[in-house]
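Worksheet: one structure, shown below.
The values are calculated or read from the model by the stated rules, or taken from the named source; none is laboratory data. Remember, predicted model here, so these are calculated numbers, not experimental data. Neighbour counts are summed over all protein chains in view; Cβ atoms, including those assigned to glycine, are modelled from backbone coordinates with ideal geometry.
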């Protein structure tokens with residue numbers, strides 16, 4: 001297994017993972033590509049893939065760094081973490097979270113946060129087993 005930084009030509013794989021993670025949304029390729037390109041160009045963001053030994057994409061992770069009063073400093077927010085459904089339970093999510101934490105530490109972050117959709121109970125067990133604690137309810141208001 002190896003970690004690969006996301007590149008522009010990886011977009012088809014990113015779109016596959018994005019559609020699997022939020023399967024209740026309809027992701028058009030054009031607008032999603034625009035966001036993907038902005039993420040790759042943003043120095044406050046990261047995106048990477050986990051590839052198996054044959055070069056097959058088995059997972060994707062994306063996040064951002066931002067200042068918070070809550071932690072009195074830089075915080076890393078992991079906004080996307082997805083492992084191919086056929087590959088779950090093999091430690092790949094842990095490998096990607098480990099890498100995200102390495103990136104956060106290298107940037108001087110004081111915490112790593114994430115959220116997970118209410119129906120994703122298996123993901124919740126995974127995050128809690130990794131050491132994350134439930135800290136809040138997430139809310140959104142679409143504009």
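So which residues in region 41-96 are buried (at least 18 other Cβ atoms within 10 Å of the Cβ) and farther than 21 Å from residue 123 by Cβ?
The one that is buried (at least 18 other Cβ atoms within 10 Å of the Cβ) and farther than 21 Å from residue 123 by Cβ: 65.
Is there a residue in region 123-134 that is part of a strand (DSSP E or B) and over 19 Å from residue 3 (Cβ atoms)?
So far as region 123-134 goes, no, none of its residues is part of a strand (DSSP E or B) and over 19 Å from residue 3 (Cβ atoms).
Which residues, counting only those in region 1-24, are touching a helix residue (DSSP H, G or I) at 6+ places or on another chain (Cβ under 8 Å) and farther than 13 Å from residue 60 by Cβ?
Matches in region 1-24: 1, 8.
Got a sec? Which of 100, 106 is within 25 Å of residue 130 (Cα to Cα), surrounded by fewer than 12 Cβ atoms within 10 Å (Cβ to Cβ) and modelled with pLDDT of 95 or more?
The conditions single out 106.
Pull out all pairs, ordered by first then second residue, where Cβ-Cβ is under 7 Å, the residues are six or more apart or on different chains, the first lies in region 121-133 and is farther than 15 Å from residue 101 by Cα, and the second is in a helix (DSSP H, G or I).
126/93
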